[in-house]
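Colleague: Here it is, the structure in full.
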């Protein structure tokens, strides 16, 4: 009996036979898969559940301002960033609010309003009044957005911007620092009668769980502490009294205090990062500390950088990145030794670095009051070499975030979203069954290699197929570079649709392969036909080779 193995309009000869195939017939057969691809969305960004790659609060969930899940932007292509869209902003002088991104929506505050925009297009999802000067950055958890300003902490319904509750501290002071949300508790540094207070609130109700008072401030109500970081049941933050504090996250009990010696003249305005049992934090005069997270013992102090610090550190791959008034620095996380330092064209005094896939991003400003100019930078995280920079006419006081190949930055007058320039990637799909002679009860493994023929990288490939009639699902595997991806499949022994997301970007002339193994249940003489289709976010100039089909006859 002849065995037909046909892939798109290419006939693959078997040792005993060849076959031909009509592309028109395949398109008719594959049409349901295209419809399912459209319904499922063309990328992992369209999934309805939150992604670990999201940046949901100022420190990010890992408290390190490092996104280890970013795979689209990197050293080799970040120089091709272009402005994708811009959103509104209303206060060019005092906009410190950095965005949060979750489930395809970006959130930020600006001069009295809270915005939710579609992260891909910039289209407004909702707009809500907010008593804010654009100071603190929002935090998102469990369908609720939290922010703080003017003596209050606020909670908003994430779906429509409706105010759920607010907590009043008893002072109208401005809070420069952002709330942190972990395990259903909101932590925020506030001011009350010129004294600093860290408050812990029930995220569902706004009820106060506990509070901790620390020293007053030499700079009025603006600098009362830092954006707290929470790790392993402990809250860490810096105080305007020059101390670093660690509190029990559940009770608020003091775990330890580290006295830097700066006092009110040199408060700890830098916000902490926590990684591998170490707290990294900087004082106002540029002194940077590494403290044992359990005991508060000093591991090292770097005091040769200079420059005022009002930003948070970022930690990635054994390196600590800090910004001061004029520089961005890379320090060895174990020793504090300076690896490199870059003198910026503008001062990154307030902008905290963000690290993703070998690139460190930060913003800076030139001038003040009158004519101002700022830059957003992307540097090689290993060498400090400038890979890309973008000028604006605003003071760049906020901090960037990087999610799914897009850099988001709030300039005060605008929210900017940068992504790779639109290119083209020709995807070429085949189906390769093994074995090609099968019997009832046998296992068949279908390999679906997706080639990117170029000329540009293909972002967020999707493969759509199904368990073919006459078989049941056994298991699935993924291989390829740079990312593996995820698949939605039937349960073992079941049937139905299979959707696989590559969740990354394929460079030209690389392959991503999904291998589906099924068990033959059909009797002798049954023709088993498998169809598949692939697509990506990157435009494809040749859709004719995005579909494939193969048939086997049960012996």
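The values are calculated or read from the model by the stated rules, or taken from the named source; none is laboratory data. Quantities reported herein were computed from a predicted structural model and do not represent experimental measurements. A quick note on method: Cβ atoms are made from the backbone with ideal geometry, for glycine too, and the neighbour counts reach across all protein chains shown.
Colleague: Only one of 252, 161 is outside any strand (DSSP E or B), under 27 Å from the mean Cα position of the chain (by Cα), surrounded by 15 or more Cβ atoms within 10 Å (Cβ to Cβ) and modelled with pLDDT of 90 or more; which?
Modeller: Answer to the check: 161.
Colleague: Test residue 531 against the criterion of being touching a helix residue (DSSP H, G or I) at 6+ places or on another chain (Cβ under 8 Å) and modelled with pLDDT of 90 or more, and give yes or no.
Modeller: So residue 531 fits the description; yes.
Colleague: If you don't mind, there's one more thing I want to ask. Can you tell me which residue in region 255-277 is surrounded by the fewest Cβ atoms within 10 Å (Cβ to Cβ), limited to those that are at positive phi and modelled with pLDDT under 90?
Modeller: 261
Colleague: Let me ask something else about it. Look through region 499-519, keep the residues that are crowded, with 21+ Cβ neighbours inside 10 Å and assigned to a strand (DSSP E or B), and return whichever of them is farthest from the chain's Cα centre (by Cα).
Modeller: 518
Colleague: Across region 413-438, which residue is nearest to residue 362 (Cα to Cα) among those that are modelled with pLDDT of 85 or more and in a loop (DSSP other than H, G, I, E, B)?
Modeller: Checked region 413-438; the qualifying residue nearest to residue 362 (Cα to Cα) is 430.
Colleague: Checking the structure you have, find out if any residue of region 215-229 is surrounded by fewer than 22 Cβ atoms within 10 Å (Cβ to Cβ), at pLDDT 85 or above and in the same structural domain as residue 342 (by TED's automatic domain parsing).
Modeller: Among the residues of region 215-229, not one is surrounded by fewer than 22 Cβ atoms within 10 Å (Cβ to Cβ), at pLDDT 85 or above and in the same structural domain as residue 342 (by TED's automatic domain parsing), which makes the answer no.
Colleague: If you don't mind, there's one more thing I want to ask. When region 445-474 is examined, which residues are found to be surrounded by fewer than 20 Cβ atoms within 10 Å (Cβ to Cβ), without any contact (Cβ under 8 Å) to a residue 60 or more places away in the chain and closer than 19 Å to residue 550 by Cβ?
Modeller: Selection gives 472, 474.
Colleague: With in contact with a helix residue (DSSP H, G or I) (Cβ under 9 Å, 6 or more places away or on another chain) and part of a strand (DSSP E or B) as the only criterion, which of 361, 321, 289 stands out?
Modeller: Every option except 361 fails the conditions.
Colleague: Answer yes or no as to whether residue 206 is in a loop (DSSP other than H, G, I, E, B), at pLDDT 95 or above and surrounded by fewer than 19 Cβ atoms within 10 Å (Cβ to Cβ).
Modeller: It is true that residue 206 is in a loop (DSSP other than H, G, I, E, B), at pLDDT 95 or above and surrounded by fewer than 19 Cβ atoms within 10 Å (Cβ to Cβ).
Colleague: Do we find that residue 313 is modelled with pLDDT under 95, in contact with a strand residue (DSSP E or B) (Cβ under 6 Å, 6 or more places away or on another chain) and crowded, with 24+ Cβ neighbours inside 10 Å in this structure?
Modeller: So residue 313 fits the description; yes.
Colleague: State whether one or more residues within region 478-487 are assigned to a strand (DSSP E or B) and surrounded by 24 or more Cβ atoms within 10 Å (Cβ to Cβ).
Modeller: no
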